[in-house]
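The values are calculated or read from the model by the stated rules, or taken from the named source; none is laboratory data. Since this is a predicted model, take the numbers as computed values, not measurements. Cβ atoms come from the backbone with ideal geometry, glycine included; neighbour counts cover every protein chain shown. These area figures cover heavy atoms from the full protein model, side chains too; ligands, DNA and RNA do not enter into them. Shrake-Rupley method; radii C 1.70, N 1.55, O 1.52, S 1.80 Å.
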Amino acid sequence: MKLTKAAVSKLRIPEGKSELLVFDDDMAGFGLRLRGGGSATWLIQYRQGKRQRRMVIGKYPAMAPEPARTAAAELLAKVRLGEDPQGLKLQSRRTVPVKKLTISELAEMYLAAAARRQKASTFKETRRHVMRNWQPLHDMAVDEVELEHVAAVLRRHGKAAPIDANRARASLSAMFAWAMGEGLAKRNPVIGTNRAIDETPRDRVLAPEEIAAIWKVTGEPGDFNAIVRLLMLTGQRCGELSSMRWSELDLDDAIWLLPSERTKNRRAHLVPLSSAAESIISALPRRAGRDLVFGRGAGGFSGWSQCKRRMDDRLKLPPWRLHDIRRTVITGMSELNTQPHVVEAIANHVSGFKAGVAGIYNRATYLPEKRQAMAIWADHVASIVADEPATVVPFQGGAVVS
């Protein structure tokens, strides 16, 4: 059959078949393929060594039979001269420049994934580092970023804020590690760069006179003062306290229930409140239509740096951080003979006694033990503030204050 317009219009795919391939009687290698749905394409078929090749010329009826025949004749003539039209076509596709993924585009992809697994406060910092600190790299292609590019940004940022530069370095490294896992990057250019500053492990524990001084300067009304005192009494994290909600509190039973989405280890946490802690919370004003206990904006309390700086101006203590209060509480409870597993339960740690298999099967909250330890610690703080040392008598499972 010669593939003319009249002949092609009569072609039909046989019943039970998905396509029909018909070759022209007058020109060997010139054909038409019909597929379901009415699509049809002109093609040539030829041999290149031991391999059989097929190459699409155009679509029917957009390309009429005669133009298709002319195109096929030219291509088949090249085949007879030793060329491989289909091979050349494939090679040209491989050499067409592919748009490279930029750091800015990668950042948006990474942040979308990070938002699903990071806490809101952690994600906020991750986004700030990736979008602001690493903005000088945003226009670069992912696989063009080298160690020297990263190091140059770190040097500039590290001069003004070395600690923050270290955090930005960690965020960028995490992004590249994720990108490698997704097949979006071949390597991590952060590896081998230096930290802006060497950080020593934080081990500052406040002395009794420092506890008393901090307590005494936080006696005035205000969110920051209340939070600092609650940090001192509960040993919980700053971020957890600053975003405390009234709906999490049961003041009748003196309980604060932290939901899993608000804890660092994603485990719900039951915090018994001593009478001193309960009194502080009960005295706080409730703001109409607001579940958050502290703060006035969309989130919880903010403005830590300014408030801490004003407090330090009054205290004149050696350098310290608010997180040192949590470490002080945990250390102090241990020194008061509180059992290690109770201290870990209060701190909501998953290590030591609650790690591994034990952590899976041991779901006890130790509520009575935690409540007693909290009361002991609150009395201990009161005695320090009053400069009246507490009398501690060991008992099985902890300590009692007489």
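Here are some notes:
- Residues of the range 260-313 that are crowded, with 18+ Cβ neighbours inside 10 Å and either in a strand (DSSP E or B) or out of contact with any helix residue (DSSP H, G or I) (no Cβ under 8 Å at 6 or more places or on another chain) (or both): His269, Val271, Pro272, Glu278, Leu292.
- Near pairs, Cβ below 6 angstrom, 6+ apart or cross-chain, from the range 35-63 (without any contact (Cβ under 8 Å) to a residue 24 or more places away in the chain) to any residue that is in a loop (DSSP other than H, G, I, E, B) and open to solvent by less than 40 Å² (accessible area, probe 1.4 Å): Gln45/Gly29
- Subset tally (residues that are out of contact with any Phe, Trp or Tyr (no Cβ under 9 Å at 6 or more places or on another chain) and of a type outside the set (Gly, Ala, Ser)) for the range 16-46: 10
- Test: residue in the range 5-13 that is free of Cβ contacts under 8 Å to residues at least 40 places away in the same chain, open to solvent by less than 30 Å² (accessible area, probe 1.4 Å) and aliphatic (A, V, I, L, M): yes
- When residues of the range 1-53 are limited to those that are of a type in the set (Lys, Arg) and assigned to a strand (DSSP E or B), the one nearest to Glu66 (Cα to Cα): Arg33
- Single match in Thr391, Thr331 (criterion: over 16 Å from Met232 (Cβ atoms) and either over 35 Å from the mean Cα position of the chain (by Cα) or at pLDDT 50 or above (or both)): Thr391
- Taking every residue in the range 253-268 that is closer than 13 Å to Thr122 by Cβ and pairing it with any residue that is at pLDDT 85 or above and part of a strand (DSSP E or B), at least 6 positions away or on another chain, the pairs with Cβ-Cβ distances below 8 Å are Thr263/His269.
- Meets criteria (more than 14 Å from Leu231 (Cβ to Cβ), within 29 Å of the chain's Cα centre (by Cα) and surrounded by 13 or more Cβ atoms within 10 Å (Cβ to Cβ)) for His341: no
- If the condition is being assigned to a loop (DSSP other than H, G, I, E, B) and in contact with a Ser or Thr (Cβ under 6 Å, 6 or more places away or on another chain), then the range 194-233 contributes Val205, Leu206.
- For the range 54-94, filtering for residues that are open to solvent by 100 Å² or more (accessible area, probe 1.4 Å) and either among the aromatic types (Phe, Trp, Tyr) or part of a strand (DSSP E or B) (or both) leaves 1.
- Identity of the residue in the range 234-252, in contact with a Leu (Cβ under 9 Å, 6 or more places away or on another chain) and in a loop (DSSP other than H, G, I, E, B), that ends up surrounded by the most Cβ atoms within 10 Å (Cβ to Cβ): Met244
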